[in-house]
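Just so it is clear, none of the values below were taken in a lab; they were calculated from the coordinates. It should be emphasised that the depicted structure is a prediction, and the values quoted were computed from it without experimental measurement. Positions of Cβ are backbone-derived with ideal geometry, glycine not excepted, and every protein chain shown enters the neighbour counts.
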Amino acid sequence: MESEKKSATQSDATKKTPKKVRKRTKNSCWSQNAECPNNVNTLKVLNRIKNNATMAKRATETVIDNVDNKKFADILKEQVIKYDDYVRRADKLARNTGTLLEEKGGLSQFFAKTNIKMKLMADNSISKIAELMIIGNTMGVIDLGKTLRHTPDVNPETLNLARELLIYEENAIEAMKYHL
């Protein structure tokens, strides 16, 4: 009976909390100048940005080895440079929070690289390479988009970087469509 009274009292206390106070505490991490004591969501998004850009960079480097057309290879090399920039910027934002991002790789990158090489053995035309690039960029957009959708309370700088990467990948998809 006492436990019922306690839970009823607790729910009454939450009902009495003014809306403004509840909203202010929900957004308190980034709406003020004070540092957020818990950067878990920001670090989660930064890790996703870094992993996404690293995977795209390494996959593009793998593809470049099979490109015979110099103009198309130059387009892909520009993408590698841009993805490397996203990795560096994500690392810098993480260092600003006092953390280092985890370096993922190994098995997933090995399988991606092997898969790309196998597909290009059968057909290494510009059209096939553009198709693979579109598929990879689409997977990156979906992955980062889902992470952003389900990760609240992210540092605005991190959110801007993630959105910038999404826009870049969408533009890369459009650029590759020309080569299909």
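Side notes on the structure shown:
- Normalising the Debye intensity of the range 39-177 to I(0), with uniform scatterers on Cα atoms only, and taking log10 at q = 0.17, 0.18, 0.21 Å⁻¹ returns -0.89, -0.98, -1.25.
- Shown is the FRET efficiency for Ala122 and Arg88, computed with R0 = 22 Å from the Cβ-Cβ distance and rounded to the nearest 0.05: 0.05.
- Averaging Cα coordinates gives a centre for the range 126-180 and one for the range 39-54; these two points are 14 Å apart.
- Packing rank of 39-52, 80-93, 107-120, where each peptide gets the mean count of other beta carbons within 10 Å, highest leading: 39-52, 80-93, 107-120
- Label-zone membership for the range 116-137, site Glu61, 7 angstrom Cα→C-beta point, backbone N under 18 Å: 116-118, 133, 137
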